[in-house]
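Following: one structure in structure tokens, then a few remarks.
The values are calculated or read from the model by the stated rules, or taken from the named source; none is laboratory data. Note that the coordinates shown come from a computational prediction; the quantities given were computed from them, not determined experimentally. When we count neighbours, we look across all protein chains shown, and the Cβ atoms used for this are built from the backbone with ideal geometry, even at glycine. Each accessible area value is taken on the protein alone, full model and side chains, heavy atoms only, with ligands, DNA and RNA left out. Shrake-Rupley method; radii C 1.70, N 1.55, O 1.52, S 1.80 Å.
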Amino acid sequence: AEARIVMSLLRQVVECDDFMDAVRHDLQPGEPAIGVICMYSRQRDVLNRMKSEASWLGDARRLVKIDTVDSYQGKENRIIILSTVRNNAGLNAGFLRVPNRINVALSRAMDRLFIVGASRMWTGRNAQLPLGAVYAKVQTMKHEGRADVLSAKEVLQ
């Protein structure tokens with residue numbers, strides 16, 4: 001489900017002609033404008049398969065790089081879509097409790113950052129974890145009109 005949301009966001013970005021024209025103008029040859037960072041390699045594999053099957057990507061396919069957080073150290077893109085993946089009944093954050101991995105994932109965006117994840121994972125008992133703090137900050141920014149929080153249904157419309 002999260003991979004479908006990521007691909008829907010990617011499609012919305014790619015289909016924004018004015019934005020993509022500006023991004024293409026500023027890019028160095030061979031530089032991907034959009035990075036999709038996955039916390040897990042299986043999600044990367046699923047998204048790479050979906051990317052290869054997405055006929056709507058057309059020539060924009062070369063502008064999209066999908067990889068894991070561990071391979072993203074030292075790299076950046078104009079736009080980053082972060083796929084946190086973590087969502088389980090026990091609210092177990094796994095290695096997403098490690099601050100440096102979260103820092104790498106969040107600091108790779110030059111212009112725009114989209115975070116895709118299960119909000120219920122980052123409230124309550126996980127609110128003090130790095131992604132819990134990020135979610136709280138995004139909520140504050142939303143109230144200030146500087147960010148938005150959308151449900152899966154809103155993104156997939």
Selection from segment 102-142 of residues that are in contact with a Lys or Arg (Cβ under 7 Å, 6 or more places away or on another chain), open to solvent by 60 Å² or more (accessible area, probe 1.4 Å) and either of a type in the set (S, T, Y) or in a helix (DSSP H, G or I) (or both): none
Do the conditions hold for I66, that is, is it touching a helix residue (DSSP H, G or I) at 6+ places or on another chain (Cβ under 9 Å), touching a residue at least 40 places away in the same chain (Cβ under 8 Å) and either open to solvent by less than 30 Å² (accessible area, probe 1.4 Å) or in a helix (DSSP H, G or I) (or both)? no
Reported set for segment 29-55 where residues are farther than 19 Å from I102 by Cβ, surrounded by fewer than 16 Cβ atoms within 10 Å (Cβ to Cβ) and of a type in the set (G, A, S) is G30, S52, S55
Take L82 and decide whether it is at pLDDT 95 or above and of a type in the set (A, V, I, L, M, F, W, C). yes
Could you pull out the residue among Y40, Y72 that is of a type in the set (S, T, Y) and touching a residue at least 40 places away in the same chain (Cβ under 8 Å)? Y40
Would you check which residues across segment 1-28 are over 15 Å from R112 (Cα atoms) and open to solvent by less than 20 Å² (accessible area, probe 1.4 Å) and list them? A3, M7
Within segment 69-88, which residues are part of a loop (DSSP other than H, G, I, E, B) and open to solvent by 10 Å² or more (accessible area, probe 1.4 Å)? Q73, G74, K75, E76, V85, R86, N87, N88
By residue number, the members of segment 13-35 that are touching a residue at least 24 places away in the same chain (Cβ under 8 Å), part of a helix (DSSP H, G or I) and not hydrophobic (A, V, I, L, M, F, W, C) are R24, D26
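Kindly establish whether L156 is at pLDDT below 95, open to solvent by 70 Å² or more (accessible area, probe 1.4 Å), in contact with a helix residue (DSSP H, G or I) (Cβ under 9 Å, 6 or more places away or on another chain) and of a type in the set (A, V, I, L, M). Break it down stepwise before answering.
On the way: at pLDDT below 95: yes; open to solvent by 70 Å² or more (accessible area, probe 1.4 Å): yes; in contact with a helix residue (DSSP H, G or I) (Cβ under 9 Å, 6 or more places away or on another chain): yes; of a type in the set (A, V, I, L, M): yes.
Yes: the conditions hold for L156.
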Pairs returned, first residue in segment 136-156 that is free of Cβ contacts under 8 Å to residues at least 40 places away in the same chain, second residue that is in a loop (DSSP other than H, G, I, E, B) and open to solvent by 50 Å² or more (accessible area, probe 1.4 Å), beta-carbon separation under 9 angstrom, 6 or more apart or interchain, are A136/T123; V138/D148; T140/R146; M141/D148; K142/D148
